[in-house]
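Participant: Dumping the structure here so I can ask a few things about it.
The values are calculated or read from the model by the stated rules, or taken from the named source; none is laboratory data. Because the structure is a prediction, the values reported are computed rather than measured. No Cβ is skipped: glycine too gets one built from the backbone with ideal geometry, and neighbour counts run over all protein chains shown.
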Amino acid sequence: MSSVELKNISKSFRYVQALEDVSFMVRDREFFVLLGPTGAGKTTTLRIIAALLKQDSGTVLFDDEVVDAMTPADRDVAFVFQQYSLYPTMSVYDNLAFPLRSPLRKTPEDEIKAKVTHVAEILRISHLLDRKTARLSGGEMQRVSIGRAIVREPRIFLMDEPLSNLDAKLRESLRVELQHMQKTQGNTTLFVTHDQIEALTMADRIGVLNEGHLVQVGTPEDIYDRPATTFVAQLVGTPRINLVPGGRDNGTFFIKDSLMHLPAPEGRSLPDNVLVGIRPEDIFIDPAGQFSGTILLTEPLGVETIVHIKSGEQMLLSLAPGITQLRRGVDVTFNILLDRLHYFDQTGKRLA
Amino acid sequence: MTAISQAQKESTGQVQPRRQRRELSDRAILNLFIWPTLILLIAWNLFPLIYSLFLSFTDYSAIANKAPTWVGFQNYADILSDPQMWKYFATTGRYALVTVGMQTILGFSLAVLVQEKFKGSGLVTTLILVPMMLSPVVVGMFWKLMYNPSFGYFNFLLGFRNPSTAPEMLAGRFAGQPVPNLALWAVALVDIWMWTPFVMLLVLSGLKAIPDYLYEAAVIDRASSWFQFWRITVPQVMPLLMIAILFRTIEAFKSFDLVMGLTGGGPGDQTELIAVNLYRQAFLGQWRTGRASALAYIILIVIIAISNLYIRYLNQAKED
């Protein structure tokens, strides 16, 4: 396994700047997730690392060694595609054995057999080995294509939204399997997704991409608790963070268009106009709460209930544990965990 | 007021027939569309098919003023025991094998070549398709001119300047000496020239349908280009290639217009393909309508048998 580093990578296609000055490093044995919405440049980044695409400028390093001139075969990466990309005329066994049978590698057939059997056991597809890939379900296909990646020991695993074509249940179980596999085998993995839950649950570190720019790199805690911009704050966390305009007035601090006045945060000076981010779980209904509002809507999820509270003209999302007895139209009072507020300036940048 | 009621009356008067037309039932509309086609089909396809089946068991001649008399399987027995007919079938088989084989190889290669995008690739593709769009009779006419030993382009481009030492392709002679099958290969060459684009077109559409990520996955798995070609390209294109081959094989067994335009079956019977001979027996001087019908049915059975083999293989290719 290797570390992979990108230095000042830029890439543009005919009409769009896909990546602009992107630099980050995937450490050896790390599970790194690249998170971003569609069109952010995630897949482009992955393809540049695999040498399926050539960057316009910048450098790719594997173990501190420049690999820009290397072909995909020389870079020795494994790629799991979103569309599975199995060889349709071959059996599952042959698909798994395919990377080992490469003329560059020349593995003896009994060793191939041992490896394929082992991988099939890990992914629980042993019973499918004789089957033609066209006869597999989506989940089985993706297992096989993951298997084809792990059957050899590449320098890095590149995974391009491998779970996004699967149904929710399957996604959950494969997520756990992938994570388990990565941890037990210590594979360097770069995983691309637009799903913030996948990112938060699996990643050692997350890189957030938006429109070709790397916005923030950090652990899931960093990303969730200290989002660098409002974009990141809104990208991670469901239900989505409350983002409301705030202002200062005579030493107090208020949320515009609402009935909410907060004590000014201690020990820090804020500009006159800011955006305040409040995670829904930091707002809780409390009979002794200092803020008041009306319940607009409740969305019971079982474990918790999303409560939509209207305060003045502002709509806030709050999380209540379990299924609440609160009904719409009821006036409530609530509290906010003030030390967990996020402040952003007018351009969306986090205020330290 | 009166004007308005007048207008109303007129409009209701117009509504009446419109409603009647709408009352035409679905079934009536169905019949209206189906029957004209069906009648034409019966008159021009089904009736001749069945009538010729009947004629194949008679000694009927279209120009003899005599009712057909039933001869049973006599025509079939005559044809199948006639060594001359077997020779024509063999010629046709050889012709089919060579033309379809070459068209497959060349068509596939051309498709792989023009699939790569280069400057003017669209234009080149269109130009390659031109022969296919020409009328076979016209193609026969000008290839005859091109093959002409004294002023044709063909010998000129091959470097033969002296007509007396040059090949006479359509006469089956080289420098005055007869060369067996040369005329047949000359005709086959024209057929290959004309119909390779057809195979190319079908293969090209197959190639374009192969998703890029299959090749990308193969590149990352370090597969050689040889391997990629045989394990990805060929199997993916196979169903369409098989359809092209099927069409061309059927056409080869029916080859007529090109041969008539180029050699008329000659020299001797070197290019006498089975369809040409059929035409000769049915019309040219002989007018043996009954025997020709029997021959037509034998050809039909051969073609159906070959098609079935292909289709079985095609389904297998799709299964995989």
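Participant: Go through the stretch B:206-254 residue by residue and tally those that are hydroxyl-bearing (S, T, Y) and facing chain A (nearest Cβ under 7 Å).
Facilitator: 2
Participant: Next up: Inspect the stretch B:260-277 for any residue being among the acidic types (D, E), assigned to a helix (DSSP H, G or I) and either at negative phi or more than 14 Å from every other protein chain (Cβ to nearest Cβ) (or both) and give the result as yes or no.
Facilitator: Applying the first criterion (among the acidic types (D, E)) to the stretch B:260-277 yields B:269, B:272.
Next, from what is left, pick out any that are assigned to a helix (DSSP H, G or I): none.
Within the stretch B:260-277, not a single residue is among the acidic types (D, E), assigned to a helix (DSSP H, G or I) and either at negative phi or more than 14 Å from every other protein chain (Cβ to nearest Cβ) (or both).
Participant: Now for a different question. So which residues in the stretch A:330-352 are part of a strand (DSSP E or B), over 14 Å from A:I278 (Cα atoms) and in the same structural domain as A:E304 (by TED's automatic domain parsing), if there are any at all?
Facilitator: Residues of the stretch A:330-352 part of a strand (DSSP E or B): A:331-336, A:342-344, A:349-350.
Then drop every residue that is not over 14 Å from A:I278 (Cα atoms), which leaves A:331-333, A:349.
Residues satisfying the conditions are A:D331, A:V332, A:T333.
Participant: Here's something else I'd like to know. Based on what the data block shows, is A:I295 assigned to a strand (DSSP E or B) and touching a residue at least 60 places away in the same chain (Cβ under 8 Å)? It would help to see each step written out before you state the result.
Facilitator: Details: assigned to a strand (DSSP E or B): yes; touching a residue at least 60 places away in the same chain (Cβ under 8 Å): no.
Answer is no for this residue.
Participant: Could I ask something else about it? Where residues in the stretch A:313-329 are over 23 Å from the mean Cα position of the chain (by Cα) and either at pLDDT 90 or above or within 16 Å of A:R279 (Cα to Cα) (or both), which of them is surrounded by the fewest Cβ atoms within 10 Å (Cβ to Cβ)?
Facilitator: The qualifying residue surrounded by the fewest Cβ atoms within 10 Å (Cβ to Cβ) is A:P321.
Participant: If you go through the stretch A:54-72, how many residues are surrounded by fewer than 18 Cβ atoms within 10 Å (Cβ to Cβ), of a type in the set (A, V, I, L, M, F, W, C) and either in contact with a strand residue (DSSP E or B) (Cβ under 8 Å, 6 or more places away or on another chain) or assigned to a helix (DSSP H, G or I) (or both)?
Facilitator: 2
Participant: Something else now. Read through the list (1) in a strand (DSSP E or B); (2) small (G, A, S); (3) under 30 Å from A:E198 (Cβ atoms), then give the number of the only condition that A:G247 fails.
Facilitator: It is condition (3) that A:G247 fails.
Participant: Take the residues in the stretch A:116-141 that are small (G, A, S) and either within 12 Å of another protein chain (Cβ to nearest Cβ) or touching a helix residue (DSSP H, G or I) at 6+ places or on another chain (Cβ under 8 Å) (or both); name whichever of them is surrounded by the most Cβ atoms within 10 Å (Cβ to Cβ). Walk me through it before giving the result.
Facilitator: Initial filter on the stretch A:116-141 (small (G, A, S)): A:120, A:126, A:134, A:137-139.
Retained after the next criterion (residues that are either within 12 Å of another protein chain (Cβ to nearest Cβ) or touching a helix residue (DSSP H, G or I) at 6+ places or on another chain (Cβ under 8 Å) (or both)): A:120, A:126, A:134, A:138-139.
Working: A:A120: 21, A:S126: 14, A:A134: 12, A:G138: 12, A:G139: 18.
The qualifying residue surrounded by the most Cβ atoms within 10 Å (Cβ to Cβ) is A:A120.
Participant: Something else: Would you call A:A18 within 14 Å of chain B (Cβ to nearest Cβ), in contact with a helix residue (DSSP H, G or I) (Cβ under 9 Å, 6 or more places away or on another chain) and in contact (Cβ under 8 Å) with a residue 60 or more places away in the chain? Talk me through it step by step, then tell me what you get.
Facilitator: Working: within 14 Å of chain B (Cβ to nearest Cβ): no; in contact with a helix residue (DSSP H, G or I) (Cβ under 9 Å, 6 or more places away or on another chain): yes; in contact (Cβ under 8 Å) with a residue 60 or more places away in the chain: yes.
Considered against the rule, which asks whether it is within 14 Å of chain B (Cβ to nearest Cβ), in contact with a helix residue (DSSP H, G or I) (Cβ under 9 Å, 6 or more places away or on another chain) and in contact (Cβ under 8 Å) with a residue 60 or more places away in the chain, A:A18 comes out as no.
Participant: Does the stretch B:16-35 include one or more residues that are modelled with pLDDT of 90 or more and within 27 Å of B:E251 (Cβ to Cβ)?
Facilitator: No.
Participant: Residue check: is A:V77 in the same structural domain as A:P162 (by TED's automatic domain parsing) and touching a Leu at 6+ places or on another chain (Cβ under 7 Å)?
Facilitator: Numbers: in the same structural domain as A:P162 (by TED's automatic domain parsing): yes; touching a Leu at 6+ places or on another chain (Cβ under 7 Å): yes.
Here the answer is yes, as A:V77 does meet what is asked.
Participant: Name, by its number, the condition in (1) surrounded by 23 or more Cβ atoms within 10 Å (Cβ to Cβ); (2) in contact (Cβ under 8 Å) with a residue 60 or more places away in the chain that does not hold for A:L214.
Facilitator: (1)
Participant: Name the single residue that is nearest to the other protein chains (Cβ to nearest Cβ) among those in the stretch A:50-69 being closer than 17 Å to A:F157 by Cβ and over 24 Å from the mean Cα position of the chain (by Cα).
Facilitator: A:V67
Participant: Which residues, counting only those in the stretch A:93-115, are of a type in the set (A, V, I, L, M, F, W, C) and within 14 Å of another protein chain (Cβ to nearest Cβ)?
Facilitator: Within the stretch A:93-115, A:L96, A:A97, A:F98, A:L100, A:L104, A:I112 meet the criteria.
Participant: Right, B:G140: in contact with a helix residue (DSSP H, G or I) (Cβ under 7 Å, 6 or more places away or on another chain) and part of a helix (DSSP H, G or I) or not? Walk me through how you get there before you give the answer.
Facilitator: Details: in contact with a helix residue (DSSP H, G or I) (Cβ under 7 Å, 6 or more places away or on another chain): yes; part of a helix (DSSP H, G or I): yes.
So B:G140 fits the description; yes.
Participant: Also, I was wondering about something else. Starting from residues that are in a loop (DSSP other than H, G, I, E, B) and out of contact with any helix residue (DSSP H, G or I) (no Cβ under 7 Å at 6 or more places or on another chain), keep the ones in the stretch B:278-319 and report whichever is nearest to B:A62 (Cα to Cα).
Facilitator: B:W287
Participant: Further, regarding this structure: Can you name the number of the only condition in (1) without any contact (Cβ under 8 Å) to a residue 60 or more places away in the chain; (2) surrounded by fewer than 18 Cβ atoms within 10 Å (Cβ to Cβ) that B:W287 fails?
Facilitator: Failed condition: (1).
Participant: Next question, about the same structure. Restrict the check to the stretch A:143-152 and report whether at least one residue is crowded, with 18+ Cβ neighbours inside 10 Å, basic (K, R) and away from chain B (no Cβ under 14 Å).
Facilitator: So far as the stretch A:143-152 goes, yes, one or more of its residues are crowded, with 18+ Cβ neighbours inside 10 Å, basic (K, R) and away from chain B (no Cβ under 14 Å).
Participant: May I pose another question? B:P180 is checked against (1) in contact (Cβ under 8 Å) with a residue 40 or more places away in the chain; (2) under 23 Å from B:M242 (Cα atoms); (3) loosely packed, with under 11 Cβ neighbours inside 10 Å and fails just one. What number does that condition carry?
Facilitator: The single condition B:P180 does not satisfy is (2).
Participant: Within the stretch A:206-243, work out how many residues are basic (K, R) and over 20 Å from A:H342 (Cβ atoms).
Facilitator: Of the stretch A:206-243, the ones basic (K, R) are A:226, A:240.
Now restrict to residues that are over 20 Å from A:H342 (Cβ atoms): none.
Count: 0.
Participant: Kindly state which helices (runs of 4 or more DSSP H) lie completely within the stretch A:98-209 and contain at least 2 residues that are closer than 26 Å to A:D222 by Cβ and in the same structural domain as A:R47 (by TED's automatic domain parsing). Before the answer, list the steps.
Facilitator: On the way: elements: A:109-122, A:138-150, A:168-185, A:196-202.
Ranges flagged: A:168-185, A:196-202.
Participant: A further question follows. Considering only residues that are touching a strand residue (DSSP E or B) at 6+ places or on another chain (Cβ under 6 Å) and surrounded by 22 or more Cβ atoms within 10 Å (Cβ to Cβ), look in the stretch A:73-92 and name the one that is farthest from the other protein chains (Cβ to nearest Cβ).
Facilitator: Here the residue is A:V80.
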